Structures are given as C-alpha cells and as structure tokens.
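Worksheet: the structure to be examined is printed underneath.
The values are calculated or read from the model by the stated rules, or taken from the named source; none is laboratory data. Predicted model only: the values in this text are computed from it and were never measured. Glycine also receives a Cβ, built like all others from the backbone with ideal geometry; neighbour counts cover every protein chain displayed.
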Amino acid sequence: MRNHVDDKNPYAELGITPIINAIGSVTMLGGSTPIREVKEAMDNADNFYVPLMELEEKAGERIASMIGVPSAYITSGAGSALTLAAAAVMAGENDDFIERLPNTTGMPNKILIQKTQRYWYDRCLEASGATLVEFGDENGTTESDLINAIDEKTAAVHFYMVEHEKDPKALSLEKTIEIAHSKNVPVLVDAAGQIYPLELFGKYVKMGADFQCIAAKYLGATQSTGLALGTEEMIRKISKQSFVGYEGRRIRGIGRPHKVDRQEMLGVVAAVNHWFMTNHEDRLASIESRSLKIKNILQETEELSVTLIDNIYGHQPYGVRLNLSGNQNTLELEEIVDLLKEGDPPIWTRVKEGENHIDLHIFGLREGEEIIVANRINKLFEKK
C-alpha cells in the first residue's frame with residue numbers, strides 16, 4: 001500500500017498539501033488519475049509532431065468504431081463538447097455564422113430544455129451564444145409542452161441523462177427524439193457519466209439522438225478530455241467550430257480555446273480501448289470490497305447510519321452513505337466535513353446542496369486510503 005504521508009509531495013515547493021479525495025470524480029480536485037495505458041500513449045505521442053486535423057479525424061474514426069456509433073470527436077471535456085454542439089446546431093457549416101458566434105443574429109438560437117432537467121452544467125450550452133428556453137413545469141412535462149415550444153428559432157432540444165436517477169416527471173428521451181425529429185430539430189444529450197454497463201456507452205446516439213457527450217476522465221483519461229458522439233453530419237459540424245477548424249481552415253470559430261493536443265488524443269483512444277477490454281466484474285468487485293471496508297469500520301458508530309450504495313451504473317459505482325442516526329449526535333454533517341478537511345492529511349468529503357447525507361466514493365481513493373478515511377471518521381465520534 002502506498003502511504004499518503006510518506007509519498008514525495010510534488011506540490012511542496014508551491015506550498016500545497018495533497019488531500020485524500022473521498023468525494024470521487026470532481027473537477028475541483030483533479031477529476032481523474034490517468035491509467036497506465038493512457039500515460040504510456042501520451043508519453044509516446046510526445047516523440048512526434050503530426051497534423052492535428054488528421055489526428056482528430058483518425059482518432060475519432062477509431063473511437064466511433066469501438067463504441068459502435070456513426071462518428072466521434074475528441075474535445076477538451078464533456079462541457080466543451082456541449083459548447084461545441086450548441087455552436088454546431090446554430091451555425092451549422094455556414095462559415096459566416098461560425099465566425100459570428102456568440103452573436104446569433106440571423107440563425108436559430110433557442111435550445112429547449114425541460115424545466116425539471118435544469119442543472120449546473122447547462123451553462124455550457126449558453127457559452128456559444130444560445131438561449132436556453134424551458135418547457136414543461138415543476139410538475140412535469142407533456143408531449144404537448146414540447147410540441148408547442150418548438151418554433152422557427154429552435155436550434156435543438158437538450159436532454160440530461162442519468163440512467164440510475166431518471167426523472168419520473170420528465171418527458172422521455174424516446175418521445176423527445178420522436179417529436180423533435182418530426183419537426184427537423186436535432187436532439188443533444190448530456191450523458192457525461194453513462195459509460196457502464198457497456199451498452200450505455202453511445203446508447204443515446206444509437207437510439208436516434210444527434211449528439212451525446214462523454215467525460216473521458218471517467219474512463220481513465222485526463223480530466224481535460226471528453227468525447228462528442230453523434231451522427232456524421234453533427235460531428236462534421238462540430239469539427240468546423242473547433243480549434244483545428246480555426247487553425248486548419250482559418251475560420252475563426254468559438255472553439256479555438258477548446259484545444260486538445262496530440263498526447264491527449266492518443267490518451268483518449270487508449271482509454272476507450274482499455275474500457276472495452278476491462279474485466280468489469282473484477283473492477284466492480286474490487287470497488288464493492290473497498291466500500292464494504294468503510295462500511296464495516298463505521299457501522300458500529302452509534303451516531304451514524306451507514307449503508308452501502310449498491311448502484312453499478314455510470315462512472316462511480318458503489319460507495320458508502322452516511323446519515324446521522326438521531327442518537328443525540330454531537331456533530332452535524334457539515335461539521336464532519338469541516339473536521340475531516342482540517343485533519344492531517346486533509347480528507348475531502350461533501351454534503352451536496354439539497355441533500356442530508358455524505359457519500360464516500362472509491363473513485364478518487366488510492367489503495368488503502370479507504371481505511372484511513374473510515375478510521376478518521378470513526379475517531380470523530382470517540383467518547384472522550
């Protein structure tokens with residue numbers, strides 16, 4: 001087991017103390033630890049220069065073939081894919097429009113989104129100049145709501161997909177695609193973490209959506225990479241908005257800051273390949289076992305109610321949920337979060353907005369750190 005304290009700290013000269021990440025795959029803590037295959041691919045890429053327009057095309061073809069979708073494009077994250085997709089549905093392949101964004105004069109600029117599906121990252125769609133227009137209400141969405149919302153300024157309909165947390169009030173993706181396509185409106189799906197079971201990987205494009213995004217960090221690639229999957233037409237339009245379109249075609253689209261280098265592109269190809277070659281039964285068994293170690297240490301703590309999260313969908317399976325038991329607790333959840341962060345080494349956890357529990361995940365924990373986390377939490381409740 002690698003010891004967190006004994007490891008050489010590469011951040012020491014900057015005065016930064018490494019933390020133990022019990023939250024999981026979160027952007028603010030680094031997002032991912034690239035797997036060996038990705039690091040090797042990126043190191044090998046360093047040795048040569050190649051035309052990035054060609055590499056984007058060939059890498060996308062390889063990835064699309066592995067996933068079984070018409071086309072794919074490597075982006076600088078799932079959020080980047082959303083921004084480029086929004087640009088693509090507004091400007092299309094019109095170079096004048098591409099250079100005009102985020103000014104959307106003369107082009108359709110409304111992206112429809114169900115009111116109950118508003119979420120933190122829908123802001124990425126607006127970055128290209130799109131206007132988000134809600135349909136439905138807090139009680140749910142009907143087919144008529146979508147039909148009546150579509151007009152001549154509608155550029156796309158957006159759908160937020162989390163398989164294991166589907167909104168029962170939302171209009172289904174199937175119906176969304178059916179209605180939108182009947183009016184020649186494309187459908188964009190944010191499915192950033194929908195990579196397991198494997199049939200979810202690319203599922204929504206296969207269902208008929210024009211686009212879906214994936215966060216490549218969940219596959220073991222770098223945090224700074226993502227995937228746009230879609231129809232050949234949609235991915236072609238995205239490529240024209242991108243940084244290689246800006247430099248290679250000399251058309252000044254909004255995608256210039258969304259740069260992906262050759263090392264990252266080969267890293268994503270390696271990550272996707274590794275994901276499909278992985279023995280996922282073994283992967284899940286290991287994560288479940290490590291989660292149970294936390295649960296077993298904490299389940300005797302009277303002040304806590306400890307349960308195993310048994311979800312296997314998406315990028316972050318299993319984990320442990322901590323609730324206060326109500327047995328004359330001396331600590332509130334936020335106090336637990338603060339005390340863990342103040343310890344040595346700092347342990348980061350969180351209480352999500354609107355929730356009343358702490359979820360501990362294995363994704364960001366190195367081997368053995370789950371024991372450190374559990375023991376530290378247990379120690380907070382030791383009777384003095």
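State whether one or more residues within region 211-225 are in contact (Cβ under 8 Å) with a residue 24 or more places away in the chain, on the phi > 0 side of the Ramachandran plot, surrounded by fewer than 23 Cβ atoms within 10 Å (Cβ to Cβ) and in contact with an Asp or Glu (Cβ under 8 Å, 6 or more places away or on another chain). Yes, because at least one residue in region 211-225 is in contact (Cβ under 8 Å) with a residue 24 or more places away in the chain, on the phi > 0 side of the Ramachandran plot, surrounded by fewer than 23 Cβ atoms within 10 Å (Cβ to Cβ) and in contact with an Asp or Glu (Cβ under 8 Å, 6 or more places away or on another chain).
If you go through region 198-214 and keep only what is more than 12 Å from ILE67 (Cβ to Cβ) and among the small types (Gly, Ala, Ser), you end up with GLY208, ALA209.
Report yes if some residue within region 355-376 is under 30 Å from GLU61 (Cα atoms) and surrounded by fewer than 20 Cβ atoms within 10 Å (Cβ to Cβ); otherwise report no. Walk me through it before giving the result.
Taking region 355-376 as the starting set, the residues that turn out to be under 30 Å from GLU61 (Cα atoms) are 363.
Next cut, surrounded by fewer than 20 Cβ atoms within 10 Å (Cβ to Cβ) only: none.
There is no residue in region 355-376 that is under 30 Å from GLU61 (Cα atoms) and surrounded by fewer than 20 Cβ atoms within 10 Å (Cβ to Cβ).
Could you list all residues from region 173-192 that are part of a helix (DSSP H, G or I), out of contact with any strand residue (DSSP E or B) (no Cβ under 6 Å at 6 or more places or on another chain) and closer than 20 Å to LYS110 by Cα? Hits for region 173-192 are LYS175, GLU178, ILE179, HIS181, SER182. With respect to the stated conditions, ARG283 fails to be of a type outside the set (Gly, Ala, Ser), on the phi < 0 side of the Ramachandran plot and buried (at least 19 other Cβ atoms within 10 Å of the Cβ). Of all residues in region 15-34, those that are assigned to a loop (DSSP other than H, G, I, E, B) and within 17 Å of the chain's Cα centre (by Cα) total 9.
Scan region 119-134 residue by residue and report those that are within 16 Å of the chain's Cα centre (by Cα) and surrounded by fewer than 21 Cβ atoms within 10 Å (Cβ to Cβ). Let's see the steps before the verdict.
So the first thing to find is which residues in region 119-134 are within 16 Å of the chain's Cα centre (by Cα), and the list is 119-125.
Passing the criteria: TYR119, TRP120, TYR121, ASP122, ARG123.
For every residue, the table says whether it meets (1) at pLDDT 95 or above; (2) closer than 22 Å to LYS240 by Cβ.
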position: ASP96; (1), (2): yes, yes
position: CYS124; (1), (2): yes, yes
position: LEU132; (1), (2): yes, no
position: GLY136; (1), (2): yes, no
position: THR142; (1), (2): yes, no
position: THR154; (1), (2): yes, yes
position: VAL162; (1), (2): no, no
position: GLU165; (1), (2): no, no
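Exactly one of (1) at pLDDT 95 or above; (2) out of contact with any Ser or Thr (no Cβ under 9 Å at 6 or more places or on another chain) is unmet by VAL244. Its number? Checking VAL244 against (1) at pLDDT 95 or above; (2) out of contact with any Ser or Thr (no Cβ under 9 Å at 6 or more places or on another chain), the one that fails is (1).
Within region 55-65, the set of residues being surrounded by fewer than 17 Cβ atoms within 10 Å (Cβ to Cβ) and under 16 Å from TRP275 (Cα atoms) comprises ARG62, SER65. Filtering region 197-212 for residues that are in contact with a Phe, Trp or Tyr (Cβ under 9 Å, 6 or more places away or on another chain), in a loop (DSSP other than H, G, I, E, B) and not hydrophobic (A, V, I, L, M, F, W, C) leaves a non-empty set.
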